[in-house]
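Data first, discussion second: the structure below is written as structure tokens.
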Amino acid sequence: MTRLSGKVAIITGASSGIGRAAALHFAREGASLVLSARGRERLEAVAQDICAQGGTAIALSGDVGEEAHHEALVAAAQAEFGGLDIAFNNAGTTGPVGALPALPLEDWQAVVNVNLTSGFLAAKHQLPAMEVRGGGSIVFTSTFVGYTAGFPGLAAYAASKSGLVGLTQVLASEYGQKGIRVNALLPGATDTPMGRHVANTPEALEFVAGLNVFKRIAAPEEIAEAALFLCSDAASFMTGTATLVDGGVSINRV
């Protein structure tokens, strides 16, 4: 039996990077998927790839900063597949890179909206749906940046993503007795469009790769495997964690 057989999952940020890798991986493990991203064409292409490989997925494009989109995702999971068991709330943005005094308030608020407020909105609608099912698993994609290491120029990104760790801990304590696990996934440098936005030169890529003990950048599939573990019953006694999948960058000093 596959690890997510009979499960229904929402994945946000599913059109590229970690989200796309997770969608393909979760589908191979038997989950029925509701996929979210802003870009409709790329998102639909992911759903089509999954269906062509024998999996089950539907695409619903939208903005994770809008509450109506989260309502629609949960409603689609219930209408199409009968309920909701798993949510991988993965969508995020780095926002502008630069010193804090030069960051306009509207840019700060935009990053917080995508990275942190979206987590609140997602959980607000996912938790009641999971209660109906008698349990479930929510995973938020956070980051080691601002948690175990500071990176200059990424104040809004670090603050908003670190906020997800606090949200994770509170929700885990509130919903554990209802059978709902909540964890945060903290990837290190990963070969994604967002990662290449920050490390956008050969020199920057070499520097970022050199920060971890493996001296390389992770493939999205490696992070997707960790997300699958947290979402699956293999992690049945894990909740409230900030799970580092960072290649050891948090402990590396050489």
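Every number in this text was worked out from the coordinates using simple rules, so none of it is lab data. Computed from a predicted structure; not experimentally measured. With ideal geometry, Cβ positions are generated from the backbone for all residues, glycine too; neighbour counts draw on all protein chains shown.
Give me Rg over Rh for the range 201-254, both radii from the alpha carbons and Rh done the Kirkwood way, two decimal places.
The Rg/Rh ratio comes out at 1.08.
Pick from 208, 74, 139 the residue whose mean-square fluctuation is largest in a GNM of the chain, springs joining Cα atoms under 10 Å.
208
What is the chain's relative contact order, in percent, from Cα pairs under 8 angstrom and six or more apart in sequence?
After rounding, I find 20 percent.
Residues with amide H under 5 Å of residue 244's amide H, sequence separation 5 or more or different chain, H placed in the peptide plane at 1.01 Å from N; which?
Distant-sequence amide H within range of residue 244: 186.
Compute the distance in nm between two label points, each set 7 Å from the Cα along the Cα-to-Cβ direction, one at residue 102 and one at residue 214.
Placing both labels 7 Å beyond Cα along the Cβ direction yields 3.3 nm.
Helix 67-81: angle to the longest alpha-carbon principal axis of the chain, degrees 0 to 90, nearest 10?
Taking Cα atoms only, the helix is inclined about 40 degrees.
Roughly what angle does helix 118-133 make with the longest principal axis of the chain, taking Cα atoms, 0 to 90 degrees, to the nearest 10?
Here the helix axis deviates by roughly 30 degrees.
Build a GNM of the chain with springs between Cα atoms under 10 Å: which of 123, 156, 68 gets the top mean-square fluctuation?
68
What percent of all Cα-Cα pairs in the chain falls in each 10 Å bin, counting up from 0?
P(r) over the chain, rounded to whole percents: 8, 33, 38, 18, 3, 0.
Cα to Cα, under 25 Å, and not fewer than 8 places away if on the same chain: which lysines meet these conditions relative to residue 124?
7, 161, 178
May I ask you to list the chymotrypsin sites (Phe, Trp or Tyr not before Pro) in the range 156-254 that are in a DSSP loop and have at most 16 other Cβ atoms within 10 Å of their Cβ?
Answer by residue number: 214, 237.
Any idea how far apart residue 170 and residue 67 come out in nm if each label point goes 7 Å out from Cα toward Cβ?
1.6 nm
Apply 1/(1 + (r/R0)^6) to the Cβ-Cβ distance of residue 252 and residue 75, taking R0 = 35 Å, and write down the FRET efficiency to the nearest 0.05.
That pair, residue 252 with residue 75, gives E of 0.20.
Under the definition of Cα pairs under 8 Å and six or more residues apart, what whole-number percent is the relative contact order of the range 154-254?
40 percent
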